[in-house]
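Engineer: This is the structure, below, for whatever I ask next.
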Amino acid sequence: MEVVIRPNAEAATDLVARVLARELRDNPRLVIGLATGRTMESVYARLVQMHREEGLDFSACHTFNLDEYVGLPGSHRNSYRHYMNHNLFLNVNVDLRNTHLPDGAAADIEAECEHYEKVITRCGGIDLQLLGIGLAGHLGFNEPVSSLRSRTRVKVLSPVTRIQNEPLFAPPDEMPRRAITMGVGTILDARRCLLLATGEDKAEIVARAIEGPVTSMISATALQFHPHCAVVLDEAAASRLQEADYYRWIFENEPQWQSYRNEIDAPSLDGHHVKSVRRKKEITPILDGA
Ligand code: GLP
């Protein structure tokens, strides 16, 4: 796992969007795993901006979202289909037929889950999976004690998740109690994972997910098994990490991040110089990155 700490939420979001954009430019047929939640809204806003200003092309890519509420049709304003359409899909040139979310209103939910896995496989698997993290430590809706080998299925939402997401529903008690979610095993099959977390309220769960022991109580700890996973944080979300100085050193020194450092430090077209924060304090690197 690689951990990258950026000075603030805007810089963290920008880096995640840049990583995704570069993969998409390198492979226009990229299969992208997408996430929802408040954190992702700014990533999608940045991608829309890149589409409009730099011609970032979504026309040949395929997307698969992590999850959807059971019982909500895509037309419902609180469905994740609605979220994705309005935050990203309708604002870029993606072919809507290539965008996939589980159908929360399917008559046979179990068959829908099996079908979702099959479509992912048919598309060649997910190349890059974007992830957020819930306060319950979940990826998608893999709530506490989700099997770390699970596949797409229905999960009952935990009390912590209900408290976190209910304010998005009006009235709050309209929030479904269950969701279809990719399993932890499904997520780990992605070729690359990219998790973004920002803000002080995520600091505790981020520290447990990255530096704590692997446990099904926190499904995000399973990312410790992934061979190609980056976690991008702002300083607030990184504030409880024991090895924060080490992670900062890696981003500022590892050759693989060099081109991103150059992009970030490059003067923008309007003449402003966006400077990445250089750490004066030198520490000794411990071992290789991931
Ligand atoms: C929902 C999604 C998760 C996401 C989480 C984070 O619960 N199912 O995939 O990680 O929201 O939400 P936020 O960014 O609002 O903290």
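Engineer: Filter region 124-157 for residues that are among the basic types (Lys, Arg) and within 13 Å of the ligand (Cβ to nearest atom) and give the result. Even if it seems obvious, please write down each step before you answer.
Structural biologist: Initial filter on region 124-157 (among the basic types (Lys, Arg)): 149, 151, 153, 155.
Answer for region 124-157, where residues must be among the basic types (Lys, Arg) and within 13 Å of the ligand (Cβ to nearest atom): just LYS155.
Engineer: Separate question: Taking region 158-181 as the search range and keeping residues that are within 19 Å of the chain's Cα centre (by Cα) and outside any helix (DSSP H, G or I), which one is farthest from the ligand (Cβ to nearest atom)?
Structural biologist: Among them, the one singled out is ILE180.
Engineer: State which residue pairs qualify: first residue under 16 Å from ILE120 (Cα atoms) and inside region 87-100, second residue in a loop (DSSP other than H, G, I, E, B) in any location, beta carbons under 7 Å apart, and separation of 6 or more residues or different chains.
Structural biologist: ASN98/CYS61
Engineer: Among ALA207, ALA290, which is the only one that is hydrophobic (A, V, I, L, M, F, W, C) and at pLDDT below 95?
Structural biologist: On the way: ALA207 fails: at pLDDT below 95.
The match here is ALA290.
Engineer: Please name all residue pairs, on different chains or six or more residues apart, with Cβ atoms under 6 Å, provided the first residue is in region 124-146 and is under 22 Å from PRO227 (Cβ atoms) and the second residue is within 6 Å of the ligand (Cβ to nearest atom) and open to solvent by 10 Å² or more (accessible area, probe 1.4 Å).
Structural biologist: So the pair list comes out as GLY132/GLY37; GLY132/THR39.
Engineer: Scan SER42, SER59 and give me the residue that is over 15 Å from GLN129 (Cα atoms), touching a helix residue (DSSP H, G or I) at 6+ places or on another chain (Cβ under 6 Å) and among the polar types (S, T, N, Q).
Structural biologist: On the way: SER59 fails: touching a helix residue (DSSP H, G or I) at 6+ places or on another chain (Cβ under 6 Å).
Only one candidate passes the filter, namely SER42.
Engineer: Next question. Which residue out of ALA35, ALA107 is out of contact with any Cys (no Cβ under 6 Å at 6 or more places or on another chain) and open to solvent by less than 10 Å² (accessible area, probe 1.4 Å)?
Structural biologist: ALA35
Engineer: Quick one: count up the residues across region 9-32 that are surrounded by fewer than 20 Cβ atoms within 10 Å (Cβ to Cβ) and within 16 Å of the ligand (Cβ to nearest atom).
Structural biologist: 2
The values are calculated or read from the model by the stated rules, or taken from the named source; none is laboratory data. Not measured: the values here are computed from a predicted model. Counting neighbours? That spans all protein chains shown, and the Cβs are built from the backbone with ideal geometry, glycine included. All accessible areas refer to the heavy atoms of the entire protein, side chains included, with ligands and DNA or RNA removed. Shrake-Rupley method; radii C 1.70, N 1.55, O 1.52, S 1.80 Å.
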